[in-house]
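Student: Structure incoming, see below.
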Amino acid sequence: GRSALDAVELMNVGANYLREHISADARIHYVITKGGGEPNVVPAEAEVWYYVRAPKREEVGKIYQRLLNIAAGAALMTDTRYEVELLAACYNVLPNQVLGKLLQEKLEEVGPPPFDARDLEFAAELQESFAAGQLEKALEQLQKYQVEDRVLHQGVTPFHLEEKPMSGSTDVGDVSWVVPTAQFTTACAPIGTAGHSWQMVVTSGMSIGEKGMLTAARVLALSAAELFRNSELLAAAQQEFTAATQDRPYRCPLEPDARPPLHQLAH
């Protein structure tokens with residue numbers, strides 16, 4: 001009776017004990033994607049899917065290695081064997097202040113999306129479907145940017161670099177370690193809208209999202225045109241990028257023969 005499920009559960013226990021010894025900004029997520037069949041049959045196969053997140057790529061690598069050690073220990077305890085498939089990996093975003101300030105300049109030139117009364121009415125109605133406290137929390141977070149709007153943001157906040165990285169994952173991070181990269185956001189949803197929510201889907205597909213998208217497109221076009229005309233600005237962005245990466249060159253975290261998975265889950 002060698003249970004693969006026992007190994008998965010022991011690995012999860014080990015991972016939960018690991019949480020105490022990683023930074024407060026790091027995250028370990030997992031879900032058991034295969035746990036066996038009938039309850040009275042010892043599972044010959046089991047599967048667990050992990051996400052590891054942290055502000056810096058180096059920290060992700062260290063946590064990932066410790067997770068591999070935990071998996072090896074769980075297999076040893078249960079006298080089972082295991083396989084690892086790395087499905088995806090990405091870097092943290094490396095901001096470029098020269099490009100960031102250029103985007104800010106063009107955003108101020110273009111101005112906020114031209115929302116009308118219909119947009120404001122729809123956004124306010126959508127906010128009524130938010131969970132209790134969701135809007136209030138968002139308004140509290142916006143106070144540091146001196147935003148007074150409560151429904152749709154109709155201004156341009158000053159240029160700033162986030163003190164804490166956004167808690168998400170994006171392959172833009174990898175791009176930013178290969179070429180100078182900067183990002184900005186425009187209002188495409190009511191204040192307080194949660195990501196990955198049906199409210200975000202609804203508002204992105206109507207005039208609010210379209211106006212935010214077109215505003216962003218204008219900012220990008222004007223910024224690109226400025227870089228074509230201003231070689232000194234382009235050189236300054238490249239100089240900042242070179243200084244930030246000269247001792248930390250980009251190394252793809254995936255194996256050389258890695259291929260995108262045919263299915264969402266590993267088999």
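Student: Would you calculate a helix-derived [θ] at 222 nm for the chain, using -39,500 (n - 2.57) for each DSSP H run of n ≥ 4 and dividing by the full residue count, to the nearest 500?
Tutor: -14500 deg cm²/dmol
Student: Over 30 Å between Cα atoms: which of 144/211; 106/144; 62/106; 62/137; 34/137 fall into that group?
Tutor: Listed pairs above 30 Å: 62/106; 62/137; 34/137.
Student: Add +1 for every Lys or Arg and -1 for every Asp or Glu among the other residues with Cβ under 14 Å from the Cβ of residue 2, and state the total.
Tutor: Charge balance near residue 2 sits at -3.
Student: Further, regarding this structure: Given a 1.4 angstrom probe, what's the average accessible area per residue across the chain, in square angstrom?
Tutor: Values: 17530 Å² over 267 residues.
Value for the chain: 66 Å² per residue.
Student: While we're here: How large, in percent, is the carbon and sulfur part of the accessible surface of the chain at a probe radius of 1.4 Å?
Tutor: Ligands and nucleic acids excluded, carbon and sulfur give 54 percent.
Student: May I pose another question? At a Cα cut-off below 20 Å, give the aspartates and glutamates reachable from residue 56, other chains included and same-chain residues fewer than 8 away excluded.
Tutor: By straight Cα distance, residue 56 reaches 20, 25, 162, 163, 171, 174, 240, 247, 255.
Student: Write down Rg/Rh for the chain, rounded to two decimals, with Rg from the C-alpha atoms and Rh from the Kirkwood relation over Cα pairs.
Tutor: 1.05
Student: Quick check: net charge around residue 11, other residues with Cβ under 12 Å of its Cβ, Lys/Arg +1 and Asp/Glu -1?
Tutor: Values: positive: 66; negative: 6, 9, 47.
That sum, taken over residues with Cβ under 12 Å, equals -2.
Student: Please identify every one of the trypsin sites (Lys or Arg not before Pro) in segment 58-123 that sits in a loop by DSSP and has no more than 11 other beta carbons within 10 Å of its own beta carbon.
Tutor: 81
The values are calculated or read from the model by the stated rules, or taken from the named source; none is laboratory data. Because the structure is predicted, anything quoted here is derived from the model rather than measured. Heads up, the Cβs are rebuilt from the backbone with ideal geometry, glycines too, and the neighbour counts pull from every protein chain shown. Just the protein is used for accessible areas: all its heavy atoms, side chains included, with ligands, DNA and RNA removed. Shrake-Rupley method; radii C 1.70, N 1.55, O 1.52, S 1.80 Å.
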